[in-house]
Amino acid sequence: MTRDLGDAIKVLIVSDNHMIRAGIRMILESQSTSYLIGEVATAHAAVDAANHAQADILLVDLDLSGVDVVDLIQQLTHTPATPLILVLSNLGDDELVRQVLRAGAAGVVLKVQPPAVLHAAIESLCGMAPKKGFTEPTRPPRLSINGIVPDPAKPQDVSRIGSLTRREREIIRLLGKGLKNKDMAGQLGISEITVRHHLSNIFSKLEVIDRQNLLIYAHRNRLIEMV
């Protein structure tokens, strides 16, 4: 069956790691909000692609062999098309991450995080509203090493987040690690029915419609930390 790409976000991967590229390809193919338009493995090809591929997001692996990734990020941010740059980082890359963020990267996703976090980061960067498709990309004003930090929390968000119980925050944290309801129940020593009840309460309090949008909301409001 042919996918209806519609207004889906166009993503280009920059990595010389075949397994990373294959994994990202599978992740993007698993949903309809974004799709892969190309893969490149060198800094030169990345700059060329940034100029010609019309990508919305450049997904850049920080482990490019023999490449000064900070310099590469600076070059990519000065291309005429100026696509948004989302970097893939390892745990322990904190200093390098700080440098690439200063160089112009728009966000970071850790390689140990689940696919849902990558989906959430891509959609959040491109300003995708729930159930309304793609809108024009907007650059976030502030950044962090474990995801996207948007505008300061609005008063209504402060109130919503303040209404969360300690257990509900634990549920959100475990969701950010990619755990399913059964796994969360086992780790917290509660039933799956109770987990579903907590998720229902969380959706209601934060005014989100599903797990995916909860992840986006949680990253925007720093409810999910590095795992």
Exercise. What is segment 1-66 by shape, rounded, prolate or oblate, if you read a ≥ b ≥ c off the alpha carbon gyration tensor as root eigenvalues and call it rounded for a/c under 1.5, prolate for a/b larger than b/c, and oblate otherwise?
Worked result: oblate
Exercise. If you rank V87, V70 by fewest surrounding Cβ atoms within 10 Å, what's the result?
Worked result: V70, V87
For this session: Subtract the Cα-Cα distance of N90 and V158 from 0.36 nm times their separation in residues, and report this length gain in nm to one decimal.
Result: 21.4 nm
Exercise. Taking neighbour counts of Cβ atoms within 10 Å as a proxy for exposure, in what order, fewest first, do S30, S15, S191 appear?
Worked result: S30, S191, S15
Exercise. Tell me, what ³J(HN,Hα) does each residue in segment 200-213 have, in order and in whole Hz, if you take phi through Karplus 6.51 cos²θ - 1.76 cosθ + 1.60 with θ = phi - 60° and put x for Gly and Pro?
Worked result: 4, 5, 5, 4, 5, 5, 8, 6, 10, 9, 7, 4, 4, 6
Seminar exercise, completed: Once phi for every residue in segment 173-184 is put through the Karplus expression 6.51 cos²θ - 1.76 cosθ + 1.60 (θ = phi - 60°), the whole-Hz ³J(HN,Hα) values, with Gly and Pro written as x, are 4, 5, 4, x, 8, x, 6, 7, 4, 4, 5, 5
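Between I193 and R222, what's the calculated FRET efficiency when r is the beta-carbon distance and R0 is 41 Å? Round to 0.05.
Numbers: r = 29 Å, r/R0 = 0.71.
Plugging the Cβ-Cβ distance into 1/(1 + (r/R0)^6) gives 0.90.
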Problem set entry | Selection from S159, L174, F203, by position along the positive dipole direction of segment 155-220 (Cβ) | L174
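Every read-out reported here was derived from the displayed coordinates using simple, explicitly stated rules and does not represent laboratory data. All figures in this text were calculated on a predicted structure; none of them were measured in a lab. Note that we place each Cβ from the backbone using ideal geometry, even for glycine, and neighbour counts take in every protein chain shown.
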